[in-house]
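Take a look at the structure below.
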Amino acid sequence: MNKKLGLALILVAFGVGLFIGKDNQSPVITSSNGGASYSGGFDKKASGSSASKSAVIQRESVGQTHVVDDGESIMAAVKKASPGDTIQVMPGTYHETVYIDKDDIRIIGVIREGKRAILDGKGTLNDAILYSGNNIVVQNLTITKYKGNGIMGQAGNNFEIRDNVIVDTGVYGIFPQLGKNGIVEGNIISGIEDAAIYVGMSDNIHVSRNEVFDSVAGIEIENSRHAIVENNYVHNNTGGVLAFITPGLPIKTTFDVIIRDNFIVDNNTANFGAPGSTVAGIPAGTGILIMAADEVIVEDNIITGNKTAGIIITDHENAPNTTIDPGADSKPDRIMILNNLMMNNGFDTIDEAKALMLTEFKQGNPDILRVGTSRDSCIINRHRYVTVGVNDWNECEFSNTDAIDTYILDEPVAPRVIKSEERGKIAYLGICTGCHTYTGRMIGPPVQIIQALYMDNAKGLADYIAKPVKKRDDYPEMPPQNYLDEETRLAVANYMLSREN
């Protein structure tokens, strides 16, 4: 026998023996019933948080109710409404985009004998509901066939998006961007090219009791903090639940995210995201994906039937379709995996995962894959799962998150007041960064490319924002932002051209 080959086999056998020896050790079994509860994360005392289930301000007096019948315009009712008013939308079909730039407006679809108000974009309109006001409720609508967003928040605080059905509608189903203190619950969303629920650059968010399926990403918490994702049914997407830092965005952290009590099953749909976009890099068959986010707790989920892996944890360096952002920490730190039911994951995993398993002389179908650097992370009951990359993780010093009910604030935050000199900045953060990062590809081209195209021509960029035309085959057509007034479009163009990161 070749001496070198013989030595290699001995080393391999020794290594396998070490792992077999480890497997035969008595496992550390930790019960999630009782025991210590997680006490980190959001400081409730400092911000006055309680177990509130409402995110919007409680009305002290009842405003006017505007009834919109089939054949009438919801947008016309919004124009008539004053803060404190409610708009009831009767069953029927409506072809329009509704833009709410006032505070304390509630749009409630009236369900009568099972019939709903349907907003139908006919494949030509871009957005169904856009809101930039604070204390907004959108409830009981059916939305279909829009090209851009089902419901998008643009820097509005205190919002509730409940009990809507969103089908085959563009890039994002429900997309609160740059908002604080919001609830997304009880919605059914399917057929979305990017994320069914996309929480972007937001704080204190509660995502619960939704069903999301047949989309690229089911639920995505991106560059956001203090979020709870619980009791959702997430199935048949490409990736189930994502906690991300997307490089190149102005807000550069994601931390304090609790993913618990969800059904995350059979997320094996072929990836149909925009080529080159961040989500287009998600391997089909991913249950939970944690990329560069910190302080993410995964607890009491049922994670089954995801063909690549139940949970993937990665840094930016090992993730496809990402660029390195010097201003963002690329490492996922303080990841905490508690009890979860995981089975039948990784049954048709990718070659990269197989190679990763070989580094630990492991076989089988992976439940948990960790690639790259992760600091100060922990896990309990690790013996239950087929894992890679968590051997050196500590045992968690707690077993549940029972002490944390919600991160929704007891008192709604103050409405965002936009000073005239901040108009461009807020519009950029609340709208543009939903599709553009500074350096990498998200949905649209990087800001650096836009700056190169327009340089000192802010007026030209503002005109394009109002009436864009498709310029490149490898990017989707940009929706017009002509609901913004001319002054705001010019302000956001100037701000975008001034950015340096």
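Laboratory data are not the source of any read-out in this text; all were calculated from the coordinates shown. Quick caveat: nothing in here was measured; it's all calculated off a predicted structure. Because the Cβ atoms are built from the backbone with ideal geometry, glycine has one as well, and the counts that use them run over all protein chains shown.
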In the calculated pair distance distribution of segment 250-301, what percentage of Cα-Cα distances lie above 17 Å? 52
To two decimal places, what compactness ratio does segment 383-440 give when its Cα radius of gyration is scaled by 2.2 N^0.38 Å? 2.06
Answer check: segment 364-501, Cα atoms, Kirkwood Rh, Rg/Rh ratio of 1.18
Taking segment 369-438, which trypsin sites (Lys or Arg not before Pro) meet the DSSP loop condition and have no more than 16 other C-beta atoms within 10 Å? 375, 419
Computed over the chain, the relative contact order (Cα-Cα under 8 Å, seq sep at least six) in percent reads 12
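Treat every Asp and Glu Cβ in the chain as -1 and every Lys and Arg Cβ as +1, leave all other atoms uncharged, and give the resulting dipole magnitude about the Cα centre to the nearest 20 debye. Let's see the in-between values first.
Details: 44 positive and 62 negative charges, 126 e Å.
Taking the Cα centre of the chain as origin, the dipole is about 600 debye.
If you take the alpha carbon radius of gyration of segment 313-419 and divide it by 2.2 N^0.38 Å, what ratio comes out, to two decimals?
Working: Rg = 18.1 Å, N = 107, 2.2 N^0.38 = 13.0 Å.
So segment 313-419 has a normalised radius of gyration of 1.39.
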Quick numbers on segment 278-360, Rg and Dmax over C-alpha atoms in Å, give 13.3, 38
Spread of Cα-to-Cα distances over 5 Å intervals beginning at zero, given as percent, for segment 226-273: 5, 19, 20, 19, 20, 14, 3
On the principal axes of its Cα set, how long, how wide and how thick is segment 219-337? Give whole Å, largest value first. 36, 30, 18
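Quick one, could you list the DSSP H helices from the chain stretching 24 Å or more along their long axis (Cα atoms) with average Kyte-Doolittle hydropathy of 1.0 or above? Mind showing how you got there, number by number?
Values: long enough: 3-23 (30 Å, 1.37).
Qualifying helices, which must be both long enough and hydrophobic enough, are 3-23.
Out of all Cα-Cα pairs in segment 127-243, roughly what percent, to the nearest whole number, are more than 24 Å apart?
Values: 677 of 6786 pairs.
The answer is 10 percent, as a whole percent.
Evaluate the relative contact order of segment 189-255 (contact order divided by residue number), counting alpha-carbon pairs under 8 angstrom at least 6 apart; express in whole percent.
Numbers: 171 pairs, mean separation 21.7, N = 67.
It rounds to 32 percent for segment 189-255.
Taking the convex hull of the alpha carbon atoms in segment 421-497, what volume per residue do you get, in Å³?
Working: hull volume 6.2 nm³, N = 77.
Here the figure is 81 Å³ per residue.
What translational D, rounded to a whole number of µm²/s, comes out for segment 58-151 from Stokes-Einstein when the hydrodynamic radius is the Kirkwood one over Cα pairs, at 25 °C and 0.890 mPa s?
Working: Rh = 13.2 Å.
The diffusion coefficient I find is 185 µm²/s.
Hey, what did segment 425-484 get for relative contact order, percent, Cα under 8 Å, at least 6 apart?
Values: 47 pairs, mean separation 12.8, N = 60.
Over segment 425-484, the number comes to 21 percent.
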For segment 151-219, place one equal point scatterer on every Cα, skip the solvent, and apply the Debye formula. What is log10 of I(q)/I(0) at q = 0.14 Å⁻¹? -0.33
